[in-house]
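Written out below as structure tokens is the structure these notes cover.
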Amino acid sequence: MTGGSAPKRKGSQFERDVVAYLQDHGFPEAERAYGAGRPEDVGDLANVPGVCCEVKNHARLELARWIDEAERERLNAKQPFAVVIAKRRGKGAAQSYVVMDLATFTRLVTS
């Protein structure tokens, strides 16, 4: 792989790992959504019905900032739910954290 910084490459690889996991576990159409950082950003993944996914691979967890970002992107994407999928140090995609705020959790389990 050429170009890009090491953190960006690690983030892109983690996105690919998450997509592969989702494709193998009930979301065969899942794919990376390109265009992150645009004002109309709709999250890092596409074709996960009803869910806007923000994927993070950082050494330090910044949950509040990431949840706020995911919520903005959820509104752009017009999806009912937003989650952050955060890389767990030393673990594969299946052991990643999926984080949401309590309001999202309540909507999810009562829908």
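For the stretch 46-108, calculate the relative contact order in percent as a whole number, restricting contacts to Cα pairs under 8 Å that are 6 or more residues apart.
34
Hey, can you find the accessible area per residue of the chain for me, probe 1.4 Å, expressed in square angstrom?
62
If a/c stays under 1.5 just call it rounded; otherwise compare a/b with b/c (prolate if a/b is bigger, oblate if not). Do that for the stretch 4-47, with a ≥ b ≥ c from the square roots of the Cα gyration tensor eigenvalues.
oblate
In whole percent, and with a 1.4 Å probe on the protein chains, what portion of the accessible area of the chain is carbon and sulfur?
56
Counting pairs of alpha carbon atoms under 8 Å apart in space and at least six apart in sequence, what relative contact order in percent does the stretch 1-69 give?
Answer for the stretch 1-69 is 26 percent.
Any chance you could give the angle, 0 to 90 degrees and rounded to 10, that helix 63-77 forms with the longest Cα principal axis of the chain?
It is inclined by approximately 70 degrees.
What GluC sites (Glu not before Pro) does the stretch 35-111 have in DSSP loop regions with at most 14 other beta carbons within 10 Å?
E40, E62
Multiplying the sequence separation of S12 and L108 by 0.36 nm and subtracting their Cα-Cα distance, what value in nm do you get?
Gain on extension, S12 to L108, equals 31.8 nm.
For the chain, what does the alpha-carbon gyration tensor say about shape, rounded, prolate or oblate, given a ≥ b ≥ c as the root eigenvalues, a/c under 1.5 as rounded, and a/b over b/c as prolate?
rounded
Could you pull out the trypsin sites (Lys or Arg not before Pro) across the stretch 15-71 that fall in loop regions by DSSP (anything but H, G, I, E, B) with no more than 11 other Cβ atoms inside 10 Å?
R60
Considering only DSSP states other than H, G, I, E and B, which chymotrypsin sites (Phe, Trp or Tyr not before Pro) in the stretch 2-111 qualify as loop sites with at most 12 other Cβ atoms within 10 Å?
Listed in order of number, the matching sites are Y34.
The values are calculated or read from the model by the stated rules, or taken from the named source; none is laboratory data. If you're wondering where the values come from, they're calculated on a predicted model, not measured in any experiment. Backbone-built Cβ (ideal geometry, glycine too); neighbour counts: all protein chains shown. Accessible surface areas use protein heavy atoms only, side chains included; no ligands, DNA or RNA. Shrake-Rupley method; radii C 1.70, N 1.55, O 1.52, S 1.80 Å.
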